[in-house]
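A short worksheet on the structure shown next.
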Amino acid sequence: MGIKYLKKGDPQPPPVEAGKLRLYSMLYCPYAQRARLVLAAKGVPFEMVDINLKNKPEWYSKVHPEAKVPALEMGGGEVVVESLDISDYLDQKFPEPPLWSTDQDKNLHHKQLLETFGKLEGLFMEAIRAKDSQALEGILLNVAPILQLFEDELAKTRSQFFGGNRPGMLDYMIWPWAERCAAVPALLTGVTFPTEHVPRIMAWGAAMMQDPAVKLSAMSAEAHANFIKKYVDGSLDMDKL
Ligand SMILES: N[C@@H](CCC(=O)N[C@@H](CS)C(=O)NCC(=O)O)C(=O)O
């Protein structure tokens, strides 16, 4: 990919200039992708600094207390961490297009769905570590009822996206995992998810792939599968990504 991931021994980049933004990221991190999706949806220019998470630069823990990505740094040194907080911060700072609704009840409901989605993030990590197709099938049994909640939500609102006729915050916050789901069959052959139960989610995924912000950060199933395989077996070399 030709990305330079800053690592131990590399100097800290100079402070961010006033009025500019810097995102500390890692190409394959779904949480960093959330921030990149929001920045793209808003058309906000930013500088990206990629961090080698296997060999972090010494100074990075001064940027992010847990030395994780993403972190958003503003001119003046202010830093926001945590993908959901970064996304909310960006939505407030750059109001167009708004990603949350003017309907606060809807927002509250979407935040609850997002919290439930956190379980899928955990199940995704279990799925990529599944030893065989039987184990994966067991994990998928736990995935199904959560997906059904999202399927039902699309049925209830009868809209293409959770945000309505264009993607909103909930759409962008869950998208990184949806994109990576396409890599799972390449990791364990012989397992297929019964997608016929979630036709609206499938249509949502197809529509999301046409969204300009999604297209900007999109990576192929093959690229994700390649990264995940190395991440799981421990052979990942971030200098060769
Ligand atoms: N809750 C955090 C999670 C961020 C996270 O776990 N990032 C991973 C990469 S995808 C990371 O930085 N891992 C390095 C580490 O844990 O040391 C968020 O939403 O921003």
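Annotations
- All positions within segment 204-222 that are within 19 Å of residue 184 (Cα to Cα), assigned to a helix (DSSP H, G or I) and open to solvent by 20 Å² or more (accessible area, probe 1.4 Å): 206, 221, 222
- Residue count, segment 134-187 (criterion: charged (D, E, K, R) and within 21 Å of the chain's Cα centre (by Cα)): 6
- Lone qualifier among 168, 234, 164, 190 - being small (Gly, Ala, Ser), in contact with a Ser or Thr (Cβ under 8 Å, 6 or more places away or on another chain) and more than 30 Å from residue 97 (Cα to Cα): 190
- Some residue of segment 2-12 being under 23 Å from residue 229 (Cα atoms) and free of Cβ contacts under 8 Å to residues at least 12 places away in the same chain: yes
- Residue satisfying all of: in segment 152-177; crowded, with 18+ Cβ neighbours inside 10 Å and of a type in the set (A, V, I, L, M, F, W, C); nearest to residue 214 (Cα to Cα) among these: 175
- Selection within segment 9-58 - closer than 12 Å to residue 238 by Cα and touching a Pro at 6+ places or on another chain (Cβ under 9 Å): 26, 51
Residues are listed down the side, and each one gets a yes or a no for (1) closer than 15 Å to residue 175 by Cβ; (2) more than 11 Å from the ligand (Cβ to nearest atom):
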| position | (1), (2) |
| --- | --- |
| 28 | yes, no |
| 43 | no, yes |
| 49 | no, yes |
| 54 | no, no |
| 61 | no, no |
| 73 | no, yes |
| 78 | no, yes |
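- The residue list 120, 149 contains one member that is closer than 19 Å to residue 200 by Cα and buried (at least 18 other Cβ atoms within 10 Å of the Cβ), which is 120.
- Selection status of residue 83, within 16 Å of the ligand (Cβ to nearest atom), touching a residue at least 12 places away in the same chain (Cβ under 8 Å) and among the hydroxyl-bearing types (Ser, Thr, Tyr): yes
The values are calculated or read from the model by the stated rules, or taken from the named source; none is laboratory data. Worth saying up front: this structure is predicted, and the values here are computed from it rather than measured. Positions of Cβ are backbone-derived with ideal geometry, glycine not excepted, and every protein chain shown enters the neighbour counts. With ligands, DNA and RNA removed, areas are computed over all heavy atoms of the protein, side chains included. Shrake-Rupley method; radii C 1.70, N 1.55, O 1.52, S 1.80 Å.
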